[in-house]
Amino acid sequence: MPRKAKEAKKGTTTILIKKRKKDHITLSRDPMLELCKRIFRSRKNTKRAKQFLNDVIDRKQEGNPIKTQEWKDYIEKWQISRSSFYNMRNQLIAAGLIELRKGEYHPSKQFSNDLTDMAEWWETQIQ
């Protein structure tokens, strides 16, 4: 198990887990922002990731998923470099929140599947 982020394998990300009830995401005024705060350390990246995730979800529901070529729109809007956009995007993919299919971004169930799997395994250990 890697101890430092730089030792982690490509395609992985660290997620903060908080034990206090008051920190539960479902109790937050902005659950999506709280989720992003647990993945991203920078306040700017947290806000950008939240906006991108919301856009991915909204556009999917509208039947018009975000195309991979639209990265240029985001770097212009946020005034960031291409590498900054891809670093943020790659963290969302590594966390299992979004996925690429046929040149489009889609919300992914991998994040919830991984957490469910961990929780179910842990339940077997403490019974």
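One table, with the values for the structure above:
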item: Meets criteria (closer than 19 Å to PHE111 by Cα, of a type outside the set (Val, Ile, Thr), outside any loop (DSSP other than H, G, I, E, B) and modelled with pLDDT of 95 or more) for ASP55; result: yes
item: Hey, LYS109 among the basic types (Lys, Arg), over 15 Å from the mean Cα position of the chain (by Cα), at negative phi and surrounded by 10 or more Cβ atoms within 10 Å (Cβ to Cβ) or not; result: no
item: Hits in region 67-98 (condition: closer than 14 Å to ALA49 by Cα and touching a strand residue (DSSP E or B) at 6+ places or on another chain (Cβ under 9 Å)); result: ARG89, LEU92, ILE93, LEU97, ILE98
item: Complete set of residues in region 26-45 that are surrounded by 12 or more Cβ atoms within 10 Å (Cβ to Cβ) and more than 17 Å from ASP114 (Cα to Cα); result: SER28, PRO31, MET32, LEU33, GLU34, LYS37, PHE40, LYS44, ASN45
item: Checklist (1) modelled with pLDDT under 95; (2) assigned to a helix (DSSP H, G or I); (3) under 11 Å from the mean Cα position of the chain (by Cα) applied to LYS6, failing item; result: (3)
item: Considering residues of region 38-52 that are part of a helix (DSSP H, G or I) and touching a residue at least 12 places away in the same chain (Cβ under 8 Å) only, the residue nearest to ARG101 (Cα to Cα); result: PHE52
item: Restricting region 75-106 to residues that are more than 22 Å from ARG38 (Cβ to Cβ) and of a type outside the set (D, E, K, R), the residue that is surrounded by the most Cβ atoms within 10 Å (Cβ to Cβ); result: ILE75
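The values are calculated or read from the model by the stated rules, or taken from the named source; none is laboratory data. Computed from a prediction, not measured in an experiment: that's the story for all the values here. Neighbour counts are summed over all protein chains in view; Cβ atoms, including those assigned to glycine, are modelled from backbone coordinates with ideal geometry.
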